[in-house]
1. Could you grab me the full set of residues in region 70-98 that are under 15 Å from residue 35 (Cβ atoms), among the β-branched types (Val, Ile, Thr) and loosely packed, with under 14 Cβ neighbours inside 10 Å?
2. If we scan region 4-15, do we find a residue that is polar (S, T, N, Q) and over 12 Å from residue 117 (Cβ atoms)?
3. Having 1 or more residues that are surrounded by 15 or more Cβ atoms within 10 Å (Cβ to Cβ) and acidic (Asp, Glu) is the bar; report the helices (runs of 4 or more DSSP H) wholly within region 1-69 that clear it.
4. Would you say residue 110 is within 19 Å of residue 4 (Cα to Cα), buried (at least 22 other Cβ atoms within 10 Å of the Cβ), at pLDDT 95 or above and not basic (Lys, Arg)?
5. Within region 16-25, can you find the residues that are more than 10 Å from the chain's Cα centre (by Cα) and within 13 Å of residue 117 (Cβ to Cβ)?
6. Please go through region 83-99 and pick out each residue that is in a loop (DSSP other than H, G, I, E, B) and of a type in the set (A, V, I, L, M).
7. Going through 58, 39 one at a time, which residue ends up being within 13 Å of residue 106 (Cα to Cα) and either touching a residue at least 40 places away in the same chain (Cβ under 8 Å) or within 14 Å of the chain's Cα centre (by Cα) (or both)?
8. Return only the number of the condition from (1) in contact with a Leu (Cβ under 9 Å, 6 or more places away or on another chain); (2) free of Cβ contacts under 8 Å to residues at least 60 places away in the same chain; (3) of a type in the set (A, V, I, L, M, F, W, C) that residue 115 does not satisfy.
Amino acid sequence: MEPPDARERAGLLRSATVRLQDARQTTLALESRFDLAYNAAHAAALSALRAHGYRSENRYLVFQCLEHTLGFTPQQWLLLNQAHTKRNLAEYEGELDVTVGFVEELIEHAASLIAAAQVLETPS
């Protein structure tokens, strides 16, 4: 455990916000929108983890910890788990199977995650 760094958290949330704005651009390829939304969600989840003084090299754990960092239920981060699996298939096997509906739902989940992370106070 280490002390939270407000500047690091602000940078992660800024990155998440910019990526989310870009993910909403329907002129981009669906695959690009997915990447942007997934990475926005990851940056926001990582900022919440950092607020509690923890780091993780495992992207999946950052999402699993949302139950503890932001009080999310497993149902709230289940889509993020699905997105992580899809991201890994794309990254390591070159296969990305996403629909417009899935990407739009991911964008909404990322927006909720960012909003929750932005109001999270660093525990004393």
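1. 85
2. no
3. In region 1-69, 6-23, 30-51 are the helices (runs of 4 or more DSSP H) which contain 1 or more residues that are surrounded by 15 or more Cβ atoms within 10 Å (Cβ to Cβ) and acidic (Asp, Glu).
4. Against the criterion (within 19 Å of residue 4 (Cα to Cα), buried (at least 22 other Cβ atoms within 10 Å of the Cβ), at pLDDT 95 or above and not basic (Lys, Arg)), residue 110 does not qualify.
5. If the condition is that a residue be more than 10 Å from the chain's Cα centre (by Cα) and within 13 Å of residue 117 (Cβ to Cβ), then 17 is the only one that fits.
6. Result: 96, 98.
7. Unique residue meeting the criteria: 39.
8. If we test residue 115 against (1) in contact with a Leu (Cβ under 9 Å, 6 or more places away or on another chain); (2) free of Cβ contacts under 8 Å to residues at least 60 places away in the same chain; (3) of a type in the set (A, V, I, L, M, F, W, C), just (1) comes out false.
The values are calculated or read from the model by the stated rules, or taken from the named source; none is laboratory data. Predicted, not measured: the structure shown is a model, and the values here were computed from it. Heads up, the Cβs are rebuilt from the backbone with ideal geometry, glycines too, and the neighbour counts pull from every protein chain shown.
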